[in-house]
Amino acid sequence: MQPVEDQSVSPARRRKGLPRSLQEGQDPDPRFTLANERTFLAWIRTSLALLAGGIAVEAFTQDIFDETARKVLGTTLLVLGGILAASAAGRWLRVEAAMRQKRSLPIPLWVPLIALVCAVAAATVLIAIWVTNGF
């Protein structure tokens with residue numbers, strides 16, 4: 001007689017090397033896992049845009065900003081982009097674990113900060129262009 005496989009153990013529990021939070025609970029609907037991955041990629045795209053913006057500020061705004069303002073704005077965008085990229089994986093992991101354990105999804109705490117920094121950066125560039133070229 002062949003042993004009966006335990007159906008209560010999810011396939012994720014049998015995978016070695018996964019974080020403990022992904023080995024507990026039940027596998028979520030694959031559509032939700034794939035949506036979580038798409039959200040992760042959106043966070044990565046946002047971080048790449050912030051990094052590109054920081055590089056662009058440093059490379060193309062010598063005529064608009066003085067050196068200090070250029071460095072502060074460019075560095076702020078670069079640091080925020082790096083932090084966002086680093087935190088994207090942690091967010092993916094927390095959401096995946098919450099889905100497996102049937103808990104509420106964590107709130108993305110970075111959203112207000114990203115919105116604020118982008119708004120301030122846009123306003124700073126707009127004001128600098130108006131001052132430099134006249135309104």
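The values are calculated or read from the model by the stated rules, or taken from the named source; none is laboratory data. What you see is a predicted model; the values in this text were computed from it and never measured. Glycine also receives a Cβ, built like all others from the backbone with ideal geometry; neighbour counts cover every protein chain displayed.
If the condition is being farther than 20 Å from residue 48 by Cβ and not in a loop (DSSP other than H, G, I, E, B), then segment 94-118 contributes 94, 95, 96, 97, 98, 99, 100, 112. So, residue 81, is that one touching a Leu at 6+ places or on another chain (Cβ under 6 Å) and touching a residue at least 60 places away in the same chain (Cβ under 8 Å) or not? Against the criterion (touching a Leu at 6+ places or on another chain (Cβ under 6 Å) and touching a residue at least 60 places away in the same chain (Cβ under 8 Å)), residue 81 does not qualify.
Residues in segment 1-48 that are of a type in the set (D, E, K, R) and in a loop (DSSP other than H, G, I, E, B) were compared, and the one that is modelled with the lowest pLDDT is 6.
Any residue in segment 74-96 that is at negative phi, of a type in the set (A, V, I, L, M) and in contact with a Pro (Cβ under 8 Å, 6 or more places away or on another chain)? Taking every residue of segment 74-96 in turn, at least one turns out to be at negative phi, of a type in the set (A, V, I, L, M) and in contact with a Pro (Cβ under 8 Å, 6 or more places away or on another chain). The single condition among (1) among the hydroxyl-bearing types (Ser, Thr, Tyr); (2) modelled with pLDDT of 90 or more; (3) buried (at least 17 other Cβ atoms within 10 Å of the Cβ) that residue 61 does not meet is (2).
Exactly one residue out of 131, 72, 111, 120 is of a type in the set (Val, Ile, Thr), within 16 Å of the chain's Cα centre (by Cα) and exposed (fewer than 15 other Cβ atoms within 10 Å of the Cβ): that is 111. How many residues, within segment 89-108, are surrounded by 10 or more Cβ atoms within 10 Å (Cβ to Cβ) and either of a type in the set (Ser, Thr, Tyr) or within 13 Å of the chain's Cα centre (by Cα) (or both)? Number satisfying all stated conditions: 8.
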